[in-house]
Amino acid sequence: MPLDPTPVPNELRGMRIALLISGGIAAYKVVDLASALTQAGARVRVAMTSSAMRFVGPPTFQGVTGNPVATGMWAADGSPEPHVFLGDWAQVILVAPATANVIGRLASGRSDDIVTATLLAARSPVVVAPAMNDAMWAKPAVQENVTTLRRRGVTVVEPETGHLASGHEGAGRLAGASTVFNAMVHAIRSRYDLAGRRVVVTAGGTREPIDPVRFISNYSSGKMGFALAAAAADRGARVTLVTTASHPEHHGIDVQRVDMAEEMLAELRSQLRGADLLLMAAAVGDFKPARTAGHKIRREETPSLNLELEPIPDLVATLARDPELNMVFRVGFAAEDSKLDAKAIEKMKRKGLQAIVANDISRRDIGFGSEYNAGVLLFADGSRHELEKATKREMSDKILDLVLPHLKR
Ligand code: C5P
C-alpha cells in the first residue's frame, strides 16, 4: 500500500514537534505521520509510553525521525529529565494516538511517565488525537476529561467514525493525517505568527583587523540583534543570526559567527536565499585599515603609527542591488544623535530599505549595551510608529508586530 500522500502544511515545516505516543493499535499509523513531518523539514522527537512500545518499537520511530526516542524518565545516556528538555524544546506537541488512559492522566495532572511528564513540562500548544474503542470514547468519564482538556486550551481532534480494531463500527478511529495536521496548524497559528518564515538577523559591531591582535570596532553589544532573533524564533520563524558577538543559547536560532564586514556580506548572500525578512541590527563599520599587517606591530618598530583607512561598502545597499536577494524585506537600524526622522528617512532611501528603526543615541538610558531601547519605526510607505522605551525584547516583538503585515505571503 502506498504511504499516505497527505501534504504537510507549510506552517509545520521547520517546526520542532514532540510526538507523544500512547498504547493503542493506531500507533502504527503515527509512523507515517512522523515520517511525513520529517520529510517535510519538521524536526520530530518521539516519546512513548511502555504500552505504546508493545505496538511499535522505538527503533522504527528513531529510524523515520533520525532522533533518539524517549522511552522513560531517564535518557539513554544517563542524563536526567528528558521530559523537561522535550517540554522546553517543542514548539508544538501532538499526542497520537491518545488512549483513554493518557487523556485521564493528562486531565488529572499526573506525571507518572515520560508522556504525561512531558505534557506537564510543556510550554507549547498541545494537540491530542484520541483513538480507542467506541464504548470507551462514549463514556462520560472520558468525555468529561476531554471537556476539561479543551477548557484548558488543549486542542482535541475528534476521532473518526468507522471500522474499529475491536471489530465494532463506531466513533474512535484516529483522525486522518490532514485533519491532524490542520488541527496542529490551527493550534500554533496564534502563538507562532512567523511559522514558515525565514528570518535573518545581524548583530554586533564588525571587527576590522589592524594586525593579528588588534582591530577597529565599535561599542555595539549585539543585544538588540539577539533580542530580535529570539523574538522571531519564539514566534516560530527559522532564524539565522549572523553576528560578531557571543550570545546565550536559544532554541531555533542558528548562529553564524563572523568578524569583518566582508565576511558578514558573504554570509548574508548565502543566508538570504529564500528568506522573508532581514533585520540588519549590526553596527557595520564604515572604515577599515587599508592594509592589515601580517605580524604584530611593535612599539619599537615605529615611533608613531599612521593608519590609513578606506571605506567599507554599505552591506544592505549592496544586497538591495542584488536581483536574487532584493525580494527580502529589509529593515535597517540607525543610531542617531539628532534629527532622528529626517536622517533615518534619508538612510532608508539611500540604502534601498523597506523600513528603518531609528534610535536616539544622545539618550543615556537606552541603546548601546543597555537592556533598554526606544526609537521610531519608519516604513518606506510613509507610515511612522513611535517605539516607547522598553526592554530590547519587548521592542523586538513590537517591531515584528508592525513588520509582519508587510511581508508577502
Ligand atoms: O549609515 P549607518 O551606519 O547609520 O546605517 C545603519 C544601517 O546600515 C544598519 O542597518 C547597518 O547594519 C547598515 N550598514 C550596512 N553597511 C555598512 C554600514 C551600515 O549595511 N557599511
Starting from the range 197-211, keep only residues that are in a loop (DSSP other than H, G, I, E, B), then list their pairs with residues that are of a type in the set (Val, Ile, Thr) and within 15 Å of the ligand (Cβ to nearest atom) whose Cβ atoms are within a distance under 8 Å, requiring at least 6 positions of separation or different chains. Gly204/Thr243; Gly204/Thr244; Thr206/Thr244; Thr206/Val258; Thr206/Val284; Thr206/Ile312; Arg207/Ile216; Arg207/Thr244
Taking first residues from the range 262-284 that are assigned by TED's automatic domain parsing to the domain that holds Glu336 and of a type in the set (A, V, I, L, M) and second residues anywhere that are open to solvent by 70 Å² or more (accessible area, probe 1.4 Å) and within 9 Å of the ligand (Cβ to nearest atom), the pairs with Cβ under 8 Å that are 6 or more apart or on different chains are Leu265/Pro313
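Residues checked against (1) within 28 Å of Arg238 (Cβ to Cβ); (2) in contact (Cβ under 8 Å) with a residue 24 or more places away in the chain:
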{"position": "Pro97", "(1), (2)": "no, yes"}
{"position": "Val102", "(1), (2)": "no, yes"}
{"position": "Leu106", "(1), (2)": "no, yes"}
{"position": "Thr116", "(1), (2)": "no, no"}
{"position": "Ala121", "(1), (2)": "yes, yes"}
{"position": "Val127", "(1), (2)": "yes, yes"}
{"position": "Pro130", "(1), (2)": "no, yes"}
Tell me, please, whether a residue that is surrounded by fewer than 17 Cβ atoms within 10 Å (Cβ to Cβ) and modelled with pLDDT under 95 can be found in the range 221-242. no
Got at least one residue in the range 259-268 being modelled with pLDDT of 95 or more, more than 14 Å from the ligand (Cβ to nearest atom) and not β-branched (Val, Ile, Thr)? yes
If you check Ala129 against the conditions, is it among the small types (Gly, Ala, Ser) and not in a helix (DSSP H, G or I)? yes
Residues that are open to solvent by 60 Å² or more (accessible area, probe 1.4 Å) and in contact (Cβ under 8 Å) with a residue 40 or more places away in the chain, drawn from the range 46-66: Ser50
Among (1) at pLDDT 95 or above; (2) more than 30 Å from Gly87 (Cα to Cα); (3) open to solvent by 70 Å² or more (accessible area, probe 1.4 Å) - the single one Ala290 does not satisfy: (3)
Do you know which residues across the range 137-192 are among the hydrophobic types (A, V, I, L, M, F, W, C), more than 21 Å from Val92 (Cβ to Cβ) and assigned to a loop (DSSP other than H, G, I, E, B)? Leu164, Ala165
Being assigned by TED's automatic domain parsing to the domain that holds Glu263 and within 12 Å of the ligand (Cβ to nearest atom) narrows it down to one residue among Phe379, Phe287, Phe368; which is it? Phe287
Say we look at the range 328-354 and pick out the residues that are surrounded by fewer than 16 Cβ atoms within 10 Å (Cβ to Cβ) and closer than 23 Å to Pro405 by Cβ; which of these is modelled with the highest pLDDT? Lys349
Which of the residues that make up the range 355-409 are among the polar types (S, T, N, Q), touching a helix residue (DSSP H, G or I) at 6+ places or on another chain (Cβ under 7 Å) and modelled with pLDDT of 95 or more? Ser396
Mind checking which residues of the range 359-409 are within 22 Å of Arg189 (Cα to Cα), open to solvent by 70 Å² or more (accessible area, probe 1.4 Å) and in contact (Cβ under 8 Å) with a residue 60 or more places away in the chain? Arg393, Lys408
Residues of the range 333-347 that turn out to be of a type in the set (Asp, Glu), within 13 Å of the ligand (Cβ to nearest atom) and touching a residue at least 12 places away in the same chain (Cβ under 8 Å), as a count: 2
Within the range 171-196, the residues that are of a type outside the set (A, V, I, L, M) and in contact (Cβ under 8 Å) with a residue 40 or more places away in the chain are Gly172, Arg173, Gly176, Ser178, Phe181, Asn182, Arg189, Arg191, Tyr192, Asp193, Gly196
Residue among Arg330, Arg273, Arg321, Arg350 that is within 16 Å of the ligand (Cβ to nearest atom), under 19 Å from Lys408 (Cβ atoms) and not aromatic (Phe, Trp, Tyr): Arg330
Checked the range 132-159 for anything of a type in the set (A, V, I, L, M), over 13 Å from Ala107 (Cβ atoms) and under 29 Å from the mean Cα position of the chain (by Cα); matches are Val157
So how many residues does the range 290-318 have that are part of a loop (DSSP other than H, G, I, E, B) and either within 13 Å of the ligand (Cβ to nearest atom) or closer than 30 Å to Arg363 by Cα (or both)? 3
Pair list, Cβ under 7 Å, 6 or more apart: the range 67-95 residue over 30 Å from Arg235 (Cβ atoms), other residue modelled with pLDDT under 95 and part of a loop (DSSP other than H, G, I, E, B): Ala76/Pro68
Would you be able to tell me the number of residues in the range 243-252 that are surrounded by fewer than 23 Cβ atoms within 10 Å (Cβ to Cβ) and touching a Phe, Trp or Tyr at 6+ places or on another chain (Cβ under 9 Å)? 5
Hey, can you tell me all the residues within the range 175-215 that are open to solvent by 50 Å² or more (accessible area, probe 1.4 Å) and over 26 Å from Pro125 (Cβ atoms)? Arg207, Pro212, Val213, Arg214, Phe215
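The values are calculated or read from the model by the stated rules, or taken from the named source; none is laboratory data. The shown structure was predicted, so the numbers you read here are calculated from the model rather than taken from an experiment. Cβ atoms come from the backbone with ideal geometry, glycine included; neighbour counts cover every protein chain shown. Just so you know, the surface numbers come from the protein's heavy atoms only, side chains and all, with ligands and any DNA or RNA stripped out. Shrake-Rupley method; radii C 1.70, N 1.55, O 1.52, S 1.80 Å.
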